[in-house]
Structures are given as structure tokens and as C-alpha cells.
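The values are calculated or read from the model by the stated rules, or taken from the named source; none is laboratory data. These numbers were taken from a predicted model, which means no experiment stands behind them. Note that each Cβ is placed from the backbone with ideal geometry, even for glycine, and that neighbours are counted across all protein chains shown.
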Amino acid sequence: MYDKAIINGNVYLENGFAKTNIYIQGEKIALISDTLYEALDVLDAKGLEVLPGLIDPHVHFDLDLGFIRSKDTFKTGSKAAAYGGVTTIIDFLEPVDSYELLQNALSVRLNEARQTAIDYTFHACIKAPKEDLETFVKTVKLLGLKSIKFFTTYSESNRKTPDEAIKKLLDLSAQHNILLLGHLEDDTLIHHDDAFTYKDLLKSRPSVAETVEALKMIEYLKHSDGKLYMVHVSSGNTVEAILENGKRLLGLQLFLESCPQYFTFTDKVLNQDNGMLYTLAPPMRSKEEQALLFKRHHAFHTFATDHCAFNTSDKNKNKLSEIPLGIGGIEFSFGIMRNLLGDSVINKMTKHVADIFGIKNKGQIKVGHDADIMIFKPSKSIIKQHHGGTDYSPYIGVETSGYTIHTMVRGNYVIKNREYLEHQGKFIKE
């Protein structure tokens, strides 16, 4: 007799749906079969879709910006994630310039993540490195992490990594089988002006800064065997330039991520009276650039959220320099993206993420894999409420393709019949 069974559901099995049953033993998927077997707990999923739990590889819970922290803690953020069918997240360590600081950076985040309801791991972050980069990379691996994020901007906060160091990191990524994540904006094209209001965000961070830096990284990749994952691609102009200059690298050395906000909103939101609530970096782009994102959406390997949520009072400032940049959205990412792009988003929010980041036994409904499962009700509707830790969501009023009824993490319910159940997530270590 199995521990749990999910029967009569429309189950997504990597590349399509099939009417079948899933049997769970302990934390694992034990059997997928059309035959009915006995189980201690049986969930009838008739009329519902049974999908792999989502993996969001780009979130910022409890992020310290120096003058403020993001308002979703690991507890509230993971609760919102579970309501969206997300069963695994990858957050970030504090950027450090020395390998000697990595262990402490991980310890701090592990302590902050103790109340995470879903499974989690971290990307290491590097800034203005001071010493031998190979030791840094080796230390990251010794800590059980598989990726390092760098920035080509934010020189004002000393987070920028020089080009020569990036080239070296790319070579090291190939030698040590580690993935680099790049926040790519040309720092010389970023403008800071104390007179800027939130309506000037695109003057401060123009899309050409993203495109120029992406093209530079393509040239570096052509002379390296390294692998680079470009986070939060915001402009269709950037995608067009990548396809024109580096298409052969895609899926081999270069992986592209985008986010729901860039497909949902354009720069027009900044002209609204509440435009400050839509400020983030990189910002939403023009209608024309968004149209190119839709046209070239097949070029993206993953869709993440860059979830970094604040309260209205935190963002209700006029001066751009006083506004924390970031929005929340992890609860609604799948429903929104599927509404816009159809079933093509499923693998890009599950299997592809697991494959790119080397997360074993997740991302698919497959025998032997963790029983990370989202049970989804397809039902076009307008988003009316959210379950995060902030007092607003920019996605209220946006159309979604449905909503999550149940979420399981390793065979344990975190969301059952739309109700949240306390659960302890697990740190995923190499």
C-alpha cells in the first residue's frame, strides 16, 4: 500500500499531458500508472492538472539593501510561493569580495531561511574580487553551491566585477563545472541624478545598457568554454541582438531568463500616479520592446520572478534614489506566464531550471524524483488577492490562467484545498 495517491488527474509528463495516477512513498514518486492501487491518502484530481512543482531560480527574500530590507521573509515569501505552486527556490548569498567571507555569508542566509516552507538553495555572489578567483570558485563548490552571480553595474555600491575578472571566471566555470549568473547592464550607461523621480527610471537605466553588455559577454563566451546565465532579460532588443550575434551559444554556453513583469507591464506604468510601485531594475520597457519579447519568447530557457517585495509605504517616494527597486510576484508567475504563452512555459519553470542548475530529482513528475507537485485548476480569472507579506501586489487585476489548489513538497502538503499548512523546507546541497 502506498502512502499517497493522486488519481484521475491530467498529469504533465515532461512534454505533454496524460490521464494517469501518481503513487507516492515517503518523499518520492514511487509509481505512475493507469491502474488503481490502494493508498493511505487518496486525492481525486479529476478535472485538475497535475504538474511538477515549480522551481524559481531568482528570488530575493529578506534582502538587505543597506537602507532597507525586502519585506517578504523566507517564511512569508515561501508561503506565497507555495500558493503559486513553487516548491523550490534559489535565493542569493550576500555579495562578497573574498573566499574567506563565503562560509559566513552562507551561514547567515541559512539562519534566515530556517522557516522556509519549501526547498531552497543559494547562488553565491561575488563583488569587486580581491584575491585568486580559483580559490573563490573552489570554495563555492566546497560549500555545496553550484553557481556564482556577478554584476557589471552597481559600481556606486562596489558590487561591480571588472571585465578581466569576468573573463577569468568564465574560464574557471568551465574548469570547475560551475555556472555564472550575470546581471548585465553597462555601468557607464547607467545614470544617477538626485533630481530623477520614479518617472525617470528609464533615463537612469536605459535598455541599451542591457543590450550592450549582453553583446560584450557574447564576445567573451566566444573565446571561452564557460557557461553564463543572463538574469532578468527585460528588452526584446537585447534578445534580437543575442540571436543575431550569439545564437549558436544558446543552450550550450548561454542561457536566458526573463520574468513575468516584462511580459505583463510596459514603461507606461511609471507614468501612473502609483508608478513608484512598479519600480525595479532593470525596469519595464517600451511596448515595442515588449512585443519583441513575445515574438522571441522561444529563446528563453527559463522564467523566474526576481521576487523582491516591499510595502507601499517603502516605495511611496518621489525621488528615485529613495525608492527600493523591486516587486513581488512569485505567487502568480505560472498562471500569468501560461496565460500569455501557453504550455511552453511549463518546462521553462520546472525541468529546464533543474537541468541548468543541476538540481537532482526535481523538475519532473518521474519515478524516483521528489514528490514535488502542483495541482492546478485551469480557470481564466482576474487576480484579486495575494498571500505574501506585503500590503500590495502589482499583479492584482491581471488575468491569470488558473490557480493552485494543492502544493506538495517531497510528498507533504504545503497547500491543501487552498489552505496553507506549516512545513519545513530542506536546504538542497550538492
Take the conditions closer than 19 Å to GLU185 by Cα, modelled with pLDDT of 95 or more, assigned to a helix (DSSP H, G or I) and among the small types (Gly, Ala, Ser) and apply them to SER344. Does it pass? no
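Tell me whether the stretch 132-146 contains one or more residues that are touching a Ser or Thr at 6+ places or on another chain (Cβ under 6 Å), more than 30 Å from TYR413 (Cβ to Cβ) and at pLDDT below 95.
Checked against the condition, which is being touching a Ser or Thr at 6+ places or on another chain (Cβ under 6 Å), more than 30 Å from TYR413 (Cβ to Cβ) and at pLDDT below 95, the stretch 132-146 yields no hits at all.
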Let me spell it out: the conditions are (1) closer than 24 Å to GLU399 by Cβ; (2) without any contact (Cβ under 8 Å) to a residue 40 or more places away in the chain, and PHE332 meets all of them except one. Which number is the exception? (2)
Write out, first by first residue and then by second, each pair whose Cβ atoms fall under 8 Å of each other, whose residues are 6+ apart or on separate chains, and whose first residue, in the stretch 291-314, is part of a loop (DSSP other than H, G, I, E, B) while the second is among the basic types (Lys, Arg) and surrounded by fewer than 24 Cβ atoms within 10 Å (Cβ to Cβ). PHE300/LYS348; HIS301/LYS348; ALA309/LYS71; PHE310/LYS71; ASN311/LYS71
For ILE218: the one exception among (1) surrounded by 15 or more Cβ atoms within 10 Å (Cβ to Cβ); (2) touching an Asp or Glu at 6+ places or on another chain (Cβ under 7 Å): (2)
Reported set for the stretch 300-329 where residues are of a type in the set (Asp, Glu) and out of contact with any Cys (no Cβ under 8 Å at 6 or more places or on another chain) is ASP314, GLU322
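If the requirement is being in a loop (DSSP other than H, G, I, E, B) and over 30 Å from LEU54 (Cβ atoms), which of these qualifies: ALA117, ALA128?
Details: ALA117 fails: over 30 Å from LEU54 (Cβ atoms).
Of the residues listed, the single one that is in a loop (DSSP other than H, G, I, E, B) and over 30 Å from LEU54 (Cβ atoms) is ALA128.
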Quickly run through the stretch 284-301 and pick out the residues that are over 20 Å from PRO206 (Cβ atoms) and either more than 21 Å from the chain's Cα centre (by Cα) or among the acidic types (Asp, Glu) (or both). LYS295
Kindly indicate the residue of the stretch 290-308 that is surrounded by fewer than 21 Cβ atoms within 10 Å (Cβ to Cβ) and of a type in the set (D, E, K, R) and also farthest from LEU181 (Cα to Cα) among those meeting that condition. LYS295
Residue under question is LEU169, and the condition is that it be outside any loop (DSSP other than H, G, I, E, B), closer than 24 Å to HIS301 by Cα and of a type outside the set (Val, Ile, Thr); does it hold? yes
Enumeration of residues in the stretch 391-430 that are part of a loop (DSSP other than H, G, I, E, B), more than 26 Å from ILE359 (Cα to Cα), over 19 Å from the mean Cα position of the chain (by Cα) and not basic (Lys, Arg): ASP391, TYR392, ILE396, GLY397, VAL398, ASN417
I need every pair where a residue in the stretch 354-382 that is surrounded by 14 or more Cβ atoms within 10 Å (Cβ to Cβ) has its Cβ under 9 Å from the Cβ of a residue that is aromatic (Phe, Trp, Tyr) and not in a strand (DSSP E or B), sequence separation at least 6 or different chains. MET374/PHE334; PHE376/PHE334
The residue from HIS183, HIS176 that alone is under 22 Å from THR279 (Cβ atoms), out of contact with any His (no Cβ under 7 Å at 6 or more places or on another chain) and at pLDDT 95 or above is HIS183
Test: LEU270 is closer than 26 Å to GLU399 by Cβ, surrounded by fewer than 23 Cβ atoms within 10 Å (Cβ to Cβ) and at pLDDT 95 or above: yes
Where a residue in the stretch 148-172 is among the small types (Gly, Ala, Ser) and its partner, wherever it lies, is assigned to a helix (DSSP H, G or I), with Cβ under 7 Å and at least six apart: SER155/ASP187; ALA165/LEU133
Just for the stretch 395-409: of the residues that are closer than 19 Å to VAL59 by Cβ and in contact with a Ser or Thr (Cβ under 8 Å, 6 or more places away or on another chain), which one is surrounded by the most Cβ atoms within 10 Å (Cβ to Cβ)? THR407
Number of positions in the stretch 353-369 that are in contact with a strand residue (DSSP E or B) (Cβ under 7 Å, 6 or more places away or on another chain) and either under 23 Å from TYR403 (Cβ atoms) or assigned to a loop (DSSP other than H, G, I, E, B) (or both): 11
Please return the ranges of helices (runs of 4 or more DSSP H) entirely within the stretch 179-276 where 2 or more residues are touching a Gly at 6+ places or on another chain (Cβ under 7 Å) and under 17 Å from HIS301 (Cβ atoms). 207-221
One residue is enough: does the stretch 371-387 have a residue meeting the conditions touching a Gly at 6+ places or on another chain (Cβ under 9 Å), closer than 30 Å to LEU252 by Cβ and not β-branched (Val, Ile, Thr)? yes
Of the residues in the stretch 225-246, those that are surrounded by fewer than 20 Cβ atoms within 10 Å (Cβ to Cβ) and out of contact with any strand residue (DSSP E or B) (no Cβ under 7 Å at 6 or more places or on another chain) come to ASP225, ASN237, GLU240, ALA241, LEU243, GLU244, ASN245
Here the qualifying pairs (Cβ atoms under 6 Å; residues six or more apart or on different chains; first in the stretch 68-94 and closer than 17 Å to GLU112 by Cα; second among the basic types (Lys, Arg)) come out as THR88/LYS362; LEU93/ARG109
